[in-house]
Amino acid sequence: MKYNIPLSTLKNKKKGLHSGTIGRQKVFSDEEEACFAQHLMKLADYGFPVDELDLWMVIKSYLDKQGRRVQGSLITCLELILRLVS
């Protein structure tokens, strides 16, 4: 086994029994992600570039005001939004 994937996993995948989504649940809806990306681009258009720390603080503040808690770190959320903007 080159990639150390169990044979049972490969068999289940071939039979269509392994069709679940990969990774953890999304933190933001598609609309929220689009809104963050739109605001970041608008700020940049007005000459106010936002660095990663600024964005992290905005996202953290938004989640706190919503009363939402994210397990793990916000780095994954930050990377996603930065990918949307670029």
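The values are calculated or read from the model by the stated rules, or taken from the named source; none is laboratory data. Quantities reported herein were computed from a predicted structural model and do not represent experimental measurements. As a convention, Cβ positions derive from the backbone with ideal geometry for all residues, glycine included, and neighbour counts pool all protein chains shown.
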Original post:
In the range 1-30, which residues are within 21 Å of GLN71 (Cα to Cα) and at pLDDT 75 or above?
Top reply: LYS26, VAL27, PHE28, SER29, ASP30
Original post:
If ILE75 passes every condition in (1) modelled with pLDDT of 85 or more; (2) surrounded by 10 or more Cβ atoms within 10 Å (Cβ to Cβ) but one, which one does it miss?
Top reply: (1)
**OP:** Determine whether the range 52-72 contains at least one residue that is modelled with pLDDT of 85 or more, part of a loop (DSSP other than H, G, I, E, B) and among the hydroxyl-bearing types (Ser, Thr, Tyr).
**Re:** no
